[in-house]
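First up is the structure itself, then whatever we jot down about it.
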Amino acid sequence: MKPTDRKGGVSIYNINKVLTDSASDALANTKLTRGKIQHFIDHDADVYGENGILLLKFRKNVLSKTQVSEFYNNVIKFARNKTSNRGSTSGSSKKNVAQNPKIMSNIFGYFDKWSPQQKYIFAQKNATPPLEVRECRFNLDYPDEYKKTIPMIKEVDLLYKKYLPTHYANQHRKARQTFFKIPGTTFTTITTNVNYQTTVHKDKGDDDSGFGNLVVIEHGEYTGGETCFPQYGIGVDVRTHDVLFMDVHQWHANLPITLKTKDSERLSVVCYLRTNIWEKTKNKTKKFFDRHNKTMKKYRHVV
């Protein structure tokens, strides 16, 4: 695949779909194989799809080593927790969340749905739940570690502003209207995945006018895991200190991960704004924010 242009060391690609919309839809919730991807990107690049839509911007070695290490060291123990809440992105079609595969995928920051345990507790207490937005368990149980993750998230946010100013401005306008977010950023929520191959999917609940921000942190050696857009037949090899800005409302997935040693890890970090959080909390006061979080701390053991 040859670039159509180069600007300031960045390769510009204009590419066409290699799969029809119906063929792409048929891949939903299936695991992607390497044979379905024709081209891989491992260098600074901007990629545009049909009708000139921006698919992604990829930048190599733009995150500081200190902040990446600090983030990894403080989040990895939590990120290794196994959950069954990823549903179709784990390849499961089970309606009962408990029947989904257990994978190392977790969230922190704020979320816009109660956990099954919270729903049970509310029912047992015959309680009327407060606003259905909750501070996540990592924030509550590990406040010191949570604070130490924020510098890298802020750095990602600044790079987002630098490389996608229009998308950033749209998202920033919403983020500034809510206190329910990662402090000093346009993100309400962070998803961490460890050694997890997502199935082909489109993200739901993310800000339509924003872009996904993906970081990968390596520990040990592995192969695979590239983030791919199967409808366009391209993948991006995101590695430590890189940032991938991507249209998460296009079909995407990552390839299988082969670990070279038993302690090898691929930690992916996805930063985004959840629309429902903004919708439910926009223009709420700081007093409301503090009171709501204080109320929710009564249920911290089940968040």
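The values are calculated or read from the model by the stated rules, or taken from the named source; none is laboratory data. No experiment lies behind these values; they were computed from the predicted model shown. Note that each Cβ is placed from the backbone with ideal geometry, even for glycine, and that neighbours are counted across all protein chains shown.
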Consider only pairs whose beta carbons are under 6 Å apart and that are at least six residues apart or on different chains; among these, list those whose first residue lies in region 151-167 and is at positive phi and whose second residue is outside any helix (DSSP H, G or I). none
I'm trying to understand the selection: among the residues of region 35-54, which are surrounded by 12 or more Cβ atoms within 10 Å (Cβ to Cβ) and either modelled with pLDDT under 95 or small (G, A, S) (or both)? K36, A45, G49, E50
Number of the exception - R173 against (1) of a type in the set (D, E, K, R); (2) at pLDDT below 95; (3) surrounded by fewer than 18 Cβ atoms within 10 Å (Cβ to Cβ): (2)
Residue by residue through region 180-198, note down the ones that are in contact with a helix residue (DSSP H, G or I) (Cβ under 6 Å, 6 or more places away or on another chain) and buried (at least 20 other Cβ atoms within 10 Å of the Cβ). F180, K181, I182, T185, T186, T188, T192, V194, T198
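On the basis of being crowded, with 16+ Cβ neighbours inside 10 Å and either over 21 Å from A79 (Cα atoms) or not polar (S, T, N, Q) (or both), does E155 make the cut?
Answer is yes for this residue.
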For region 7-32, which residues satisfy the criterion of being among the β-branched types (V, I, T) and loosely packed, with under 11 Cβ neighbours inside 10 Å? T20
Give the residue that is nearest to H39 (Cα to Cα), with candidates limited to residues of region 205-256 that are crowded, with 20+ Cβ neighbours inside 10 Å and of a type in the set (S, T, Y). Y232
Out of F288, F229, which single residue is farther than 18 Å from V75 by Cβ and under 18 Å from the mean Cα position of the chain (by Cα)? F229
Scanning region 134-150 for residues that are without any contact (Cβ under 8 Å) to a residue 24 or more places away in the chain and within 23 Å of N276 (Cα to Cα) gives none
Which residue pairs have Cβ atoms under 7 Å apart, sit 6 or more places apart or on different chains, and have a first residue in region 52-70 that is over 16 Å from E155 (Cβ atoms) and a second that is polar (S, T, N, Q) and surrounded by fewer than 19 Cβ atoms within 10 Å (Cβ to Cβ)? L55/Q250
If I ask for residues that are over 18 Å from E265 (Cα atoms), modelled with pLDDT of 95 or more and part of a loop (DSSP other than H, G, I, E, B), which ones from region 55-109 would you list? K60, N61, V62, L63, S64
Is there any pair linking a residue in region 188-201 that is over 16 Å from F111 (Cβ atoms) and touching a residue at least 40 places away in the same chain (Cβ under 8 Å) to one that is hydroxyl-bearing (S, T, Y) and in a loop (DSSP other than H, G, I, E, B), with Cβ under 7 Å and at least six apart or on different chains, and which? T199/T30; V200/T30
Is it true that some residue in region 211-229 is touching a helix residue (DSSP H, G or I) at 6+ places or on another chain (Cβ under 8 Å) and assigned to a helix (DSSP H, G or I)? no
Within region 38-51, tally of residues that are in contact with a strand residue (DSSP E or B) (Cβ under 7 Å, 6 or more places away or on another chain) and free of Cβ contacts under 8 Å to residues at least 40 places away in the same chain: 4
Quick check on S115: is it farther than 25 Å from A175 by Cα, within 21 Å of the chain's Cα centre (by Cα) and at pLDDT below 80? no
Within region 257-285, restricting attention to residues that are closer than 24 Å to G210 by Cβ and of a type in the set (K, R), which residue is surrounded by the fewest Cβ atoms within 10 Å (Cβ to Cβ)? K282
With respect to the numbered conditions (1) of a type outside the set (K, R); (2) in a loop (DSSP other than H, G, I, E, B); (3) at pLDDT 95 or above; (4) surrounded by 12 or more Cβ atoms within 10 Å (Cβ to Cβ), which one is the sole condition not fulfilled by M1? (3)
